[in-house]
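All of the numbers you see were taken from the coordinates with simple rules; none came from a lab. Small disclaimer: the values here were computed from a predicted structure and weren't measured. A quick note on method: Cβ atoms are made from the backbone with ideal geometry, for glycine too, and the neighbour counts reach across all protein chains shown.
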Amino acid sequence: MADRDGAVTSLVAGGAGFVGSHLCEKLLARGDRVIAVDNAATGPLGNIEGLLRHPRFRLVVHDITQHTWVDDGLDHVLHLASPASPRDYLELPVETMMAGSRGTHNLLALARAKGARFLFASSSEVYGDPKENPQCEDYWGNVDPIGVRAVYDEAKRFSEALVMEYHRTHGLDTRIVRIFNTYGPRMRADDGRVLPNFCCQALLGEDVTIYGDGMHTRSFCYIDDVVDGVLLLLDSEETRPVNIGNPVEVTMNELAREVVEIAGSSSRIVHVPLPHHEPRVRRPDITRAREVLGWEPHIDRRDGIERTLESFREPLHI
Ligand code: NAD
Ligand code: UDP
C-alpha cells in the first residue's frame, strides 16, 4: 500500500532503542516513511536525534501498553518495544510483561486495522536455559515460568503465541524474528549487558567483571548484520519464527580476554558471583535464515568489538 510517491510506511515501536534506531535508519535509507513510537523507557531519545529532521521520519512519544493509533496508512508494524537487557527488565518487571502482552495485542490490533504486515522482535530467551545447543526454531525451550527472567522470557513466548493466533484466526500477515545477543554502537553504557560492561571497564582501566566461573557461553552478532536479517525477513514470505544471530559461540572468559586485548587495556579480569540463574549456553542454528533468507552474518567479532569500543569513547569522555 505504497503512497502516491511510492513510499512504504513502517511504524517501528521501540524505534528509539538500540536495535530500533538502527532499523529506523535502514528503513529510511531504503526510502520508507518511518514512524517511531517510543516512551523512552529504556531507549534514550538521543539515539534518534539525528533522524528528527528527516522529512520521512516522525517520532510519537507513546506507551504501547495504552491504546495505540496513528491516522496514517501503514504497510508495516514492527514491534521492538520492550526493555531488553536483563538489568532493565529486572528493574521494570511488570512493564516488561505488559509490553509483551497488552503492548503486543495493541500493535496487532493496529496492524489488523491497517492491513499492515506485522513483525515481532522475539528473542533467543524463548529457549530459556536450553537443553539443546545450538538452538533451532523447532526447539520448544526450557523456561522456568516463575524465575526472575520469566518476566521477559514468558512475555516473548506469550507474544509469539498471540502473533501466531492473529495469523491463524485473522489471517494477519506476520513475521517472528528470534534475535540472539546483539551488540554495537548505541548500546547504553549502563544497560548492564556484558559487552557494554566489558568495553567500558576496559576503556576506564577498571576491573572487568566476569559473573561466575566464566564458562557460560553466548554468541554475539553485530547490529548491522542483525538489522539486515530483520529486513530480509520482513520482506520475505516466511511466517515461521526465524533465528537471527551469529553462530560463533564464545565463553565469557574468552570474551573478557579479547576485549581487554583489543582495547589495549591494563584492566584486571576478576570473577564475581553470578547475580541469578541464567542460561548456561546459547548459540543459534541459522540454517533456516540461510535457506529462506540467504542471510548470514558478515562482521567478525574482533571488528565488531573494535567498532563498539570506539562508540563508547565519547560517552565516557575518553
Ligand atoms: P532497547 O531497550 O534499547 O530498546 C527498546 C525500546 O523500546 C526502547 O527505546 C524503549 O524506550 C522502548 N519501549 C519499552 N517499553 C515501551 C512501551 N511500553 N512503549 C513504547 N516504547 C517502549 O532494547 P534493544 O536491545 O534495542 O531491543 C529491541 C527489541 O529487540 C526488544 O524487543 C528486545 O526484546 C529484542 N531483542 C534484543 C536483543 C539484543 O541483544 N539487543 C536480543 C533479542 C531480542
Ligand atoms: N556477564 C558477565 N559480566 C558482566 C555482565 C554479564 O560475565 O558484567 C555474563 C552473564 O553472566 C551472561 C553473559 O555475560 O553469562 C551475557 O549476559 P547479558 O546480560 O549481556 O545477556 P543475556 O544473554 O544473559 O541476556
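Results, tabulated for the structure shown:
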{"quantity": "Gyration tensor (alpha-carbon) shape descriptor, the stretch 76-181, a/c threshold 1.5", "calculated": "oblate"}
{"quantity": "Length added when fully stretched, R257-E310, from 0.36 nm per residue minus Cα-Cα", "calculated": "17.3 nm"}
{"quantity": "The stretch 264-279 - phi-based ³J(HN,Hα) in whole Hz, Karplus 6.51/-1.76/1.60, Gly and Pro as x", "calculated": "x, 8, 9, 4, 8, 9, 10, 9, 10, x, 5, x, 6, 4, 8, x"}
{"quantity": "Helix 252-263 axis, angle to the chain major axis (alpha carbon atoms, nearest 10°)", "calculated": "90 degrees"}
{"quantity": "Simple spin-label estimate for R168 and E296 in nanometres, 7 Å along Cα-Cβ", "calculated": "3.4 nm"}
{"quantity": "Net +/- balance of residues flanking A150 in space, Cβ distance below 13 Å, scoring K and R +1, D and E -1", "calculated": "-3"}
{"quantity": "HN-Hα J in Hz across the stretch 147-158 - Karplus 6.51, -1.76, 1.60, θ = phi - 60°, x for Gly and Pro", "calculated": "x, 5, 7, 4, 4, 8, 4, 6, 5, 5, 5, 4"}
{"quantity": "Cα-based reach from K156 at 22 Å (exclusive), listing lysines while leaving out same-chain residues under 8 positions away", "calculated": "K131"}
{"quantity": "The stretch 103-170 - percent relative contact order, Cα under 8 Å, separation 6 or more", "calculated": "33 percent"}
{"quantity": "Charge context of I305, other residues only, Cβ under 11 angstrom, K/R +1, D/E -1", "calculated": "-3"}
{"quantity": "Computed over the stretch 235-318: relative contact order in percent, which uses C-alpha pairs under 8 Å that are six or more apart", "calculated": "43 percent"}
{"quantity": "Loop-located GluC sites (Glu not before Pro) in the stretch 206-268 whose Cβ has at most 10 other Cβ within 10 Å (DSSP)", "calculated": "E237"}
{"quantity": "Stretch in the chain that is longest and holds no trypsin sites (Lys or Arg not before Pro) that DSSP places in a loop and that have at most 14 other beta carbons within 10 Å", "calculated": "132-267"}
{"quantity": "HN-Hα J in Hz across the stretch 233-248 - Karplus 6.51, -1.76, 1.60, θ = phi - 60°, x for Gly and Pro", "calculated": "5, 4, 7, 8, 9, 7, 9, 7, x, 10, 6, 10, x, 9, x, 7"}
{"quantity": "DSSP bridge pairs, the chain: antiparallel proportion in percent, nearest 5", "calculated": "10 percent"}
{"quantity": "Local net charge near W295, Cβ-Cβ under 15 Å (Lys/Arg +1, Asp/Glu -1)", "calculated": "-4"}
{"quantity": "For the stretch 1-111: rounded, prolate or oblate by the Cα gyration tensor [a/c cutoff 1.5]", "calculated": "oblate"}
